[in-house]
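Participant: One structure coming up, written as C-alpha cells, with questions to follow.
What follows draws every value from the coordinates through simple rules; no lab data is involved. Since the model is a prediction, treat every value here as computed from it, not as a measurement. A quick note on method: Cβ atoms are made from the backbone with ideal geometry, for glycine too, and the neighbour counts reach across all protein chains shown.
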Amino acid sequence: MGKKKIVSLAFLMLLLLSTALYGCSGGDESESGGESGGDSDSGEEKVLIFGRGGDSVSLDPIAVTDGESFKVTKNIFDTLINFGEQDTEIEPGLASEWTAAEDGLTYTFQLQEGVTFHDGTDFNAEAVVANFDRWSGGNSDQFPYYQSMFGGFGDAEEHVIESVEATGDYEVVIKLKRPQAPFLKNLAMSPFGIASPTAFEEAGDTFGDNPVGTGPFQFVEWNRNDTVTIEKFDDYWVEGEPKLDQVVFRAIPDNSARLNALLSGEIDLADGITPSDAGTIEGNENLQLFERPSMNVGYLGLTTTREPFDDPKVRQAMNHAIDRQALVDSFFEGRAEVAKNPMPPVISGYNDDIEGYEFDPEKAKELLAEAGLEDGFTMELWAMPVPRPYMPDGQKVAEAIQSNLADVGITAEIVSYEWATYLEKAAAGEADAFLLGWTGDNGDADNFLYVLLDQDNIGSNNYTYYENQALHDILIAAQTEVDEDARNELYMQAQEMIHKDAPWVPLAHSTPLLAGGTNVIDFKAHPTGSDKLASVDLE
Amino acid sequence: MLHYIGQRLLQLIPVLLGMTFIVFMIIRAIPGDPAQVILGQQATEEAIKSLRTSLGLDNPWYVQYFDYLKGLVTGDLGNSLRTRTPVSEEIWPYLAATIELSLFAIIIAVIIGINAGIISAWFQNSWFDYTAMVLALIGVSMPIFWLGLMNQWIFSIELGILPTTGRENVRDPINSITNFYVLDTLIQGDFSQTATVLKHLVLPGTALATIPMAIIARMTRSSMLEVMRSDYVRTARAKGLQMFWVVYKHALKNAIIPVLTIIGLQMGLLLGGAILTETIFGWPGIGRYIYEAIGFRDYPVIQSGILIVAFIFVMINLFVDLLYGLVDPRIKYD
C-alpha cells in the first residue's frame, strides 16, 4: 500500500515539476506576441515583422549578390532609377528625369532636390559622383555586381562607363564608351543604391554594418542570423511615406516553422511559402496570399558536349518526352506557367510565336530512332538538392521526369550532390542532364539569353556548353542596340534559334508565393525579389 | 589536483591540433569553390580568379594551413570569407545563444531524466517503470523536426501560450549586454522580459532536451539498479532507514558517476548538434552558423567554429572528470 502511495506521489511531483517548467515561462500572454501580437491598431507604433528564409550577408548593397541582402537594402537606399511597382519598367527615382543622346553614349540626369541622407548629408550631384567613383575605383571582389553589369573598373577597356560628372548642383552626366542597351535598367538594380558619401568614407570596409542611404527607412540594429531592424526615416523625400514605423526582418530558415510563426501571429509577412501550403493560407480567413510576378525559369539542361546530347534530335526528343503541364500541376501546384522559351513572358523581347514542344512520347521515340537510338539509352539525371522558387522540389520533379523518360525507353538514374558541389560539377560539364533555374536581375532579355546560353558564358552560367556562333553574333548586337524594337526583334530571332537547337528543356516560370496577415495592406511583391515597403501599411 | 588539470590541458594541445588538421583537410577535399559561391552565379571568371587570389586560396594547402595555425597562435581565428568580419568577433553571439539553449535543455534533461531513472529503478517493473522506459525509447528515436513542428502547432497555434521561434519578442526587443538573454534581463531587473525570454526557450529547449533526457533516464535506471542490489544499501534498509533517503542519499551517490559522464558527453553534443533545433526554431546559434558556413564553403568559419565547439566539449569533459572527485572522495587525481 505504502509503496503505491509513494509511486503516485512521485509521479505527481514529476508532473508538477514539468508543468512548473512550462509554467514559469507561461506568465502573461501579451508578451509572447501570441495570437494578437500582430495587430497594431491601437495607434501605437506600426511594426511589421517580415519572416524570411535567411539572413543578409552585408547591408552594403554594392558589396553583395544575395537576394536576402537586397531585401533589406532596397528599403534603406534609393536608386537613381526605379523599377515599376510590380514590373521592371523604368521610372524616376532619385533622378527625376533624364535624357539619352541619340548615339546612346551620353545620359544626362536631373536629380531630385531637397533629399537628405539619413545622416543629414545633402543628396546632390556631388554625392552621385562620389558613389560612382567609389564603385569604379573598386575591384571585382569588392563590388561584384558592378563588374557584372558595367564590365569592369577604372580605366579597363571592358568598363562601359567612361565618366561621371556633376554639371550642376543637381545635374549629372554619364558618358559611356559604347552603347549599353539595358543601361538604365542596370541603374535601377538594388546594388546601385546611392549611399551617403560622408558615411562610406568614414566607415570604409564596415559600411555594411552601418548603412546610410536616402531610403524610406533607416538602419537600427542587426542581430546576425536573427533580426535586422529598420525604422521610419522622418525626412523621407516622398510625401506621406513610409507608412510603417518600423520593419523587422526575421530569419526563420525552415519553411514550415515560418508558416507556423505566421499562423501564430509572431510575424506579419512570410516569404518563401511552398506551393503546397498555399491551400492552408487561402483557407485561413486571417491570412492572405501574395504572388510575386514571375521573373524566373526552371529548366532541365542538356550538356551538349556529352553523348548522346550532342545530337539536337536527341535534345528535341527529350523536349517531347517530358510532360511539363503535369510537372506544373503536381509540383508547382499550378502556380507556374509552362515554359517554352528560356525567359519568362514579362520580359520584353519574349517570342510568343514559338510553339513549344508538345508532350508527345511517340514523336520522341521517332526522333530517337532517327538519331539511331531506337533502343533508348542510359543517362544520369541530376536533381537539385535545395528548393528554389523556380524549382520547389528538385527530387520529385526529377522522379517525374525519370518516369516520362522511361516511357520512351530512356533509363535515367537520378543523382544529387550538396548544392555548392552540384553547381561546380555542373559548371564543369560533368552532368548529362541537370535541373537548374535562374531568377532575373534587371528584367532584361540579355540577363537571360546571353548570361545563360551564350558561348561566352561556358564554364560559368552556360552550364550546357551550348555553342552557336550565329546566336552569339545576335546577342552581342543586341547588347548595344539602343532602338527598342530592333533590339526586341533580335531577341525574338535568338529564341527561335535556341528553340530549334534545344539545349534545354524549359520547364516552368513559377510564381513565388508570400503570405501575410489580412492587416497588411498595399504590399506589392516585386519580381526581382526585393520589395520596397514604403507604401505598405498595417491596419 | 592542479598537476592533473595541467596535464589534461597539455593533452588538449595535440587533440585540438589534430582536429584542426582533419577539419582543414576534409573541407578542402569536398568540391565547391568559396569564391564562386560568394560571388554568386552571375560572377565572371575573372572576378572569381581575383577573389581566390585575395582570399589566399591560390596558395598550396600547407601554406594555407600554416597561415591558419600562425593566426590561431596569435588568437586570430581568421576572417569569414562571406561577411569579411573576423570570426572571433562574429562568433560570440552565436555561441552565447547556443550555450543558453543547451544549458536550459540540459537542466530539463537532468532534472526529469535523473528523477525518472531513479523512480524507475526504485519501483522496478512497476507501471511507472514501464511507461517511463517506453517513453524514453520513444524519446531517443524521436525525429526532432517532427517533434518541434508538432509542439509549435500545439503550444503556439492551437493553445497560443508559447512563441514558435526566435529568442525574444521582436516587437519588444531586449537590450542585450552579454548575449545571454536570461542573464541580461535579470541584470536589468526586467522580470517580465525574463519571463518572455524563458518562454522562448521552452519549445526549443524541450525539443533539444528530449534525447539527452531519455538517455540520462535509462542510464540512471540501470546504474541505480546495480547499486540498489549492493550490500550497503541492504544494510541501510535493514537499519530501518526510510526508503527515500536510502535511494536519494546513499544509492544515488554511487550510481551518479556513470550518469555524470553521460551528462557531460550530452552537453557537448548539444552544443554542436543543435543544428536541427536551431533551424526549426529560428535560433541564431552556432550550429546553424557553422552549417551555413559549410554551404558557402566559408573555410575559416567552419574551421574555427568547429575548433571552438570541440574546445568547449573537451573542457566540459574535463570538468566532469573533476566532478567525480567531489562526488566520490575515493577518486583522487595525481
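Participant: Which translational diffusion coefficient, to the nearest whole µm²/s, is obtained for the stretch A:235-317 from the Stokes-Einstein equation, given a Kirkwood hydrodynamic radius over C-alpha pairs, 4 °C and 1.567 mPa s?
Facilitator: Approximately 75 µm²/s, per Stokes-Einstein.
Participant: Which residues' amide hydrogens lie under 5 Å from the amide hydrogen of A:Ile414, considering only partners 5 or more residues apart or on another chain, with H built in the peptide plane?
Facilitator: The answer is A:Leu381.
Participant: Percent of Cα-Cα pairs per 10 Å bin, from 0 to the last occupied bin, for the stretch B:232-315, please list those.
Facilitator: Once binned at 10 Å, the Cα pair distances of the stretch B:232-315 give 16, 29, 19, 14, 13, 7, 1.
Participant: May I ask you to compute the full-extension gain from B:Gln124 to B:Ala29, defined as 0.36 nm times their residue separation minus their alpha-carbon distance, rounded to one decimal in nm?
Facilitator: 29.1 nm
Participant: With unit charges on the beta carbons (Lys and Arg positive, Asp and Glu negative) and the dipole taken about the Cα centre of the protein assembly as shown, which residue among B:Ile30, A:Leu287, B:Phe145 sits farthest to the positive side?
Facilitator: After comparing all options, I get B:Phe145.
Participant: Give the lysines whose C-alpha is closer than 22 Å to that of A:Lys363, dropping any in the same chain fewer than 8 places away, or say none.
Facilitator: A:Lys313, A:Lys340, A:Lys500
Participant: Given that compact globular proteins tend to follow 2.2 N^0.38 Å, what is the ratio of the alpha-carbon Rg of the stretch A:407-516 to that value?
Facilitator: This ratio for the stretch A:407-516 stands at 1.22.
Participant: One quarter of the convex hull surface, Cα atoms only: what value does that give for the stretch B:175-227 in nm²?
Facilitator: 5.2
Participant: Name all residues of the stretch A:505-539 having a backbone nitrogen under 14 Å from the label point set 7 Å from the Cα of A:Glu85 along its Cα→Cβ direction, giving them as ranges.
Facilitator: Within reach of a label on A:Glu85: A:521-527, A:532-537.
Participant: Sticking with this structure for a sec: How well do other chains shield peptide B:69-81, expressed as the mean number of their Cβ atoms within 10 Å of each residue Cβ?
Facilitator: 0
Participant: Within a 10 angstrom radius of each residue's Cβ in A:224-230, how many Cβ atoms of other chains show up on average? Whole number is fine.
Facilitator: 6
Participant: Do me a favour and compute the ellipsoid semi-axes for the stretch B:165-266 from its Cα gyration tensor, root of five times each eigenvalue, largest one first, whole Å.
Facilitator: 42, 16, 11
Participant: Give the cross-link partners of B:Lys332 among the lysines, using a straight C-alpha distance below 20 Å as the criterion and excluding same-chain residues fewer than 8 apart.
Facilitator: Those lysines meeting the cut-off are B:Lys253.
Participant: Points 7 angstrom from Cα along the Cβ direction at B:Leu183 and A:Lys177: gap in nanometres?
Facilitator: Taking the two extended label points, one gets 5.6 nm.
Participant: Calculate the radius of gyration of the Cα atoms of the stretch A:196-342 to one decimal place, then report Dmax, the largest Cα-Cα distance, as a whole number, both in Å.
Facilitator: Values for the stretch A:196-342 (Cα only, Rg and Dmax): 22.5, 63 Å.
Participant: Any idea what diffusion coefficient the stretch A:329-485 gets from Stokes-Einstein, in µm²/s, Kirkwood Rh on alpha carbon pairs, 4 °C, 1.567 mPa s?
Facilitator: Value of D from the Cα-based Kirkwood radius: 74 µm²/s.
Participant: To the nearest µm²/s, what D does Stokes-Einstein give for the stretch A:47-89 at 20 °C and 1.002 mPa s, using the Kirkwood radius over alpha carbon pairs as Rh?
Facilitator: Stokes-Einstein gives a translational diffusion coefficient of 183 µm²/s.
Participant: Of A:Gly265, A:Ala321, A:Pro253, which is farthest towards the positive pole of the stretch A:244-321's charge dipole, taken about the Cα centre with +1 and -1 on the beta-carbons of Lys, Arg and Asp, Glu respectively?
Facilitator: The residue sitting farthest along the positive end of the dipole is A:Ala321.
Participant: What value in Å³ per residue do you get for the convex hull of the alpha-carbon atoms in the protein assembly as shown?
Facilitator: 191
Participant: Evaluate the distance, in nm, between pseudo-label points positioned 7 Å from the Cα of A:Glu374 and of A:Glu126 along their respective Cα→Cβ axes.
Facilitator: 8.1
Participant: Sort B:184-195, B:167-178, B:5-16 by packing, meaning the average of other beta carbons within 10 Å per residue, with the highest value first.
Facilitator: Top to bottom by mean Cβ count within 10 Å: B:167-178, B:184-195, B:5-16.
Participant: Could you work out, for chain B, what percent of all Cα-Cα pairs fall into each 10 Å distance bin, beginning at 0 Å and stopping at the bin that holds the largest distance?
Facilitator: Per 10 Å bin, starting at 0, the Cα pair percentages come out as 5, 20, 25, 25, 16, 6, 2, 0, 0.
Participant: I'd like to verify something in chain B: which complete DSSP H helices, judged by Cα projection on the helix axis, reach 15 Å or more and average at least -0.5 on the Kyte-Doolittle scale?
Facilitator: B:2-29, B:61-73, B:87-122, B:127-141, B:191-228, B:252-273, B:299-327
Participant: Shifting gears a bit: Starting from the Cα-Cα distance between A:Ser96 and A:Lys396, subtract it from 0.36 nm times their residue separation and give me the gain in nm to one decimal.
Facilitator: Between A:Ser96 and A:Lys396, full extension yields 103.2 nm more.
Participant: Given 0.36 nm per residue, what is the gain on full extension from B:Glu89 to B:Trp61 after removing their alpha carbon distance, in nm?
Facilitator: 7.5 nm is the gain from fully extending B:Glu89 to B:Trp61.
Participant: What 222 nm value per residue comes from the helices of the protein assembly as shown, counting each DSSP H run with n ≥ 4 as -39,500 (n - 2.57) and dividing by all residues, nearest 500 deg cm²/dmol?
Facilitator: Calculated mean residue ellipticity at 222 nm is -14500 deg cm²/dmol.
Participant: Something else about it: Can you pull the semi-axes for the stretch A:152-215, root of five times each eigenvalue of the Cα gyration tensor, sorted largest first, whole Å?
Facilitator: The equivalent ellipsoid of the stretch A:152-215 has semi-axes of 24, 15, 13 Å.
Participant: Could you sort the peptides A:175-187, A:309-321 by per-residue average Cβ neighbour count (10 Å cutoff), highest mean leading?
Facilitator: Per-residue Cβ counts within 10 Å, averaged per peptide and sorted highest first, yield A:309-321, A:175-187.
Participant: Cα to Cα, under 29 Å, and not fewer than 8 places away if on the same chain: which lysines meet these conditions relative to B:Lys70?
Facilitator: Answer for B:Lys70, where 29 Å is the Cα cut-off: B:Lys49, listed by chain and number.
Participant: Just to confirm my numbers, what's the Cα centroid distance between the stretch A:198-218 and the stretch A:456-495 in Å?
Facilitator: 38
Participant: Shifting gears a bit: Roughly how many nanometres apart are two label points built 7 Å out from the Cα toward the Cβ at B:Tyr4 and B:Thr235?
Facilitator: Calculated label separation equals 2.5 nm.
Participant: Taking 56 Å as R0, compute the FRET efficiency from the Cβ-Cβ separation of B:Leu69 and A:Glu362 and round it to 0.05.
Facilitator: 0.30
Participant: From the mean inverse distance of alpha carbon pairs (Kirkwood) and the Cα radius of gyration, derive Rg over Rh for the stretch A:420-463.
Facilitator: My calculation of the ratio gives 0.98.
Participant: Give me a single rounded figure for A:438-448: the average over its residues of other chain Cβ atoms within 10 Å of their Cβ.
Facilitator: 1
Participant: Using 1/(1 + (r/R0)^6) with R0 = 45 angstrom and r between the beta carbons of A:Glu239 and B:Glu46, what's the FRET efficiency to the nearest 0.05?
Facilitator: 0.50
Participant: Can you give the FRET efficiency for B:Asp76 and A:Asp133, using 1/(1 + (r/R0)^6), R0 = 30 Å, r = Cβ-Cβ distance, to the nearest 0.05?
Facilitator: Result of the calculation: an efficiency of 0.40.
Participant: Shape verdict for the stretch A:55-180, please, from the Cα gyration tensor: rounded (a/c under 1.5), prolate (a/b greater than b/c) or oblate.
Facilitator: rounded
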